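Chemist: One structure follows; several queries about it will come next.
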Amino acid sequence: MFAKHVIYKHDNYNMLTVEVQGKTLVVRQISDQWGEECHRFLSRPEMMHWAENHFLPSDFPGGGQQMDEVLSNLRNV
């Protein structure tokens, strides 16, 4: 059974989840603008590198503070 972690959820159409599938991390990014994007990572450092380069503070309604919370939640997976 896979462990699913909700990292960020603004509503049903804007969310970020991580599934731990053995040693693989599957990040699902759902947005009302782009639909669902799925990213697979083999390590947590690889996932964090992607997240730090992918997200901008302007991507979140709460700005930089909410982005810091999302990155913190990703580190805790």
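Read-outs throughout are calculated quantities, based only on the coordinates presented, and are distinct from any laboratory measurement. This is a predicted model, so every value here is computed, not measured. Heads up, the Cβs are rebuilt from the backbone with ideal geometry, glycines too, and the neighbour counts pull from every protein chain shown.
Chemist: Which one of Met15, Pro61, Ser43 has its Cα pushed farthest toward the positive end of the charge dipole of segment 3-75, where Lys and Arg give +1 and Asp and Glu give -1 at the Cβ?
Modeler: Toward the positive end, the furthest listed residue is Ser43.
Chemist: Consider all pairwise Cα distances in the chain and report the whole-number % of them above 21 Å. Let's see the in-between values first.
Modeler: Working: 599 of 2926 pairs.
The calculated P(r) of the chain puts 20 percent of pairs beyond 21 Å.
Chemist: Additional query: From the helices alone, meaning DSSP H stretches of at least four residues, give me the mean residue ellipticity at 222 nm for the chain, per-run term -39500 (n - 2.57), in deg cm²/dmol to the nearest 500.
Modeler: Details: 2 runs with 23 residues, N = 77.
Calculated from helices alone, the mean residue ellipticity at 222 nm is -9000 deg cm²/dmol.
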